[in-house]
Amino acid sequence: MSEKNEKNFDFNEFIAGSIHSLRNPKGYFSTFSVTGGYTEPVIKALIYSVIAAVINYIWFIAGLNVAGFGLWGAASGPMVLLGGAIGGVIGLFIGGVIMLIISAICSGNTDYEANVRVVASLMVLSPINALLGFLFIISSGLAALVSLAVSAYGLWMMYNALVLSLKAKESTAKVLVIILLVIVALGTFVGMITSTAVNNFSTY
């Protein structure tokens, strides 16, 4: 892609767009631009991922068992930021491939750039998931259910992105999103049952 087609990053637009995507996914993705280069989505992914990493690290320091942070141990703040940034960019481009496959299944846009840009916008949920980590203090079951609700909303956002931005076939996208929701829900409930069984067994 030529440099002239790259869209400059506007932080104010980023904030407004993030809020808009969360409050009104249908409206946001109906006017979403699938062109403009990779600079904007990479910066968005970096911001979302670093914020999520910092929030998770705060919970980790507070004594919460945040998934994945056992690997960090007592890692310094800069390492957390670096890890979040690297993980965010890698996740963005891998997610772009996955989204492209999903879009292709639904007869939608198979341009890699378009799918990467969509994935970057969907990553807005990363900091929210991290922020809700405090729910583990109250109940791991409650945390799992809230996480499931966030995942369901993320799938709703993805559905709108597929149909409105990537021009996927609506009926196919709907079926695929429902299947993914069922898989996520089953995984959540199996995890809750397993966790409860382990906790009960450990009390004996």
State whether one or more residues within region 95-106 are under 19 Å from Ala52 (Cα atoms) and not aromatic (Phe, Trp, Tyr).
yes
Take Gly95 and decide whether it is assigned to a helix (DSSP H, G or I) and modelled with pLDDT of 95 or more.
yes
Taking the conditions exactly as written (assigned to a helix (DSSP H, G or I), surrounded by fewer than 20 Cβ atoms within 10 Å (Cβ to Cβ) and modelled with pLDDT of 95 or more), does Leu135 satisfy them or not?
no
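Filtering region 162-187 down to residues that are touching a Ser or Thr at 6+ places or on another chain (Cβ under 7 Å) and part of a helix (DSSP H, G or I), which residue is farthest from Arg23 (Cα to Cα)?
Within region 162-187, the subset touching a Ser or Thr at 6+ places or on another chain (Cβ under 7 Å) is 162, 164, 166, 168-169, 172, 184.
With the extra rule that they be part of a helix (DSSP H, G or I), the set shrinks to 162, 164, 172, 184.
Details: Leu162: 18, Leu164: 16, Thr172: 25, Val184: 23 Å.
Ranking the candidates gives Thr172 first.
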When (1) modelled with pLDDT under 95; (2) surrounded by 12 or more Cβ atoms within 10 Å (Cβ to Cβ); (3) among the aromatic types (Phe, Trp, Tyr) are applied to Phe29, the one that fails is (1)
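Restricting region 151-203 to residues that are of a type in the set (Ser, Thr, Tyr) and surrounded by 13 or more Cβ atoms within 10 Å (Cβ to Cβ), which is modelled with the lowest pLDDT? Please lay out each step first, then the result.
Within region 151-203, the first condition is being of a type in the set (Ser, Thr, Tyr), and the residues that meet it are 151, 153, 159, 165, 171-172, 188, 194-196, 202-203.
Going one step further and asking which of them are surrounded by 13 or more Cβ atoms within 10 Å (Cβ to Cβ), we end up with 151, 153, 159, 165, 172, 188, 195.
Working: Ser151: 92, Tyr153: 96, Tyr159: 97, Ser165: 97, Thr172: 97, Thr188: 82, Ser195: 65.
Of everything passing the filter in region 151-203, Ser195 is modelled with the lowest pLDDT.
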In region 32-79, what count of residues is obtained for those that are of a type in the set (Val, Ile, Thr), modelled with pLDDT under 80 and either part of a helix (DSSP H, G or I) or surrounded by fewer than 17 Cβ atoms within 10 Å (Cβ to Cβ) (or both)?
1
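Any idea how many residues of region 138-160 are part of a helix (DSSP H, G or I) and farther than 22 Å from Ile19 by Cα? Full working, then the answer.
Taking region 138-160 first, the residues part of a helix (DSSP H, G or I) are 138, 140-160.
Among the residues that remain, those that are also farther than 22 Å from Ile19 by Cα are: 138, 140-145.
Residues in region 138-160 being part of a helix (DSSP H, G or I) and farther than 22 Å from Ile19 by Cα: 7 in total.
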Give the residues of region 112-132 that are within 13 Å of Asn56 (Cβ to Cβ) and either outside any helix (DSSP H, G or I) or not small (Gly, Ala, Ser) (or both), sorted by residue number.
Pro127, Ile128, Asn129, Leu131, Leu132
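Being surrounded by 10 or more Cβ atoms within 10 Å (Cβ to Cβ) and of a type in the set (A, V, I, L, M, F, W, C) is the filter; apply it to region 1-25 and report the residue that is modelled with the lowest pLDDT. Walk me through it before giving the result.
Pass one, region 1-25, residues surrounded by 10 or more Cβ atoms within 10 Å (Cβ to Cβ): 1, 5-7, 9-10, 13-22, 24-25.
With of a type in the set (A, V, I, L, M, F, W, C) added as a condition, the list becomes 1, 9, 14-16, 19, 22.
On the way: Met1: 44, Phe9: 83, Phe14: 94, Ile15: 95, Ala16: 95, Ile19: 96, Leu22: 96.
Among those residues, the one meeting the criterion is Met1.
The values are calculated or read from the model by the stated rules, or taken from the named source; none is laboratory data. Quick caveat: nothing in here was measured; it's all calculated off a predicted structure. Note that each Cβ is placed from the backbone with ideal geometry, even for glycine, and that neighbours are counted across all protein chains shown.
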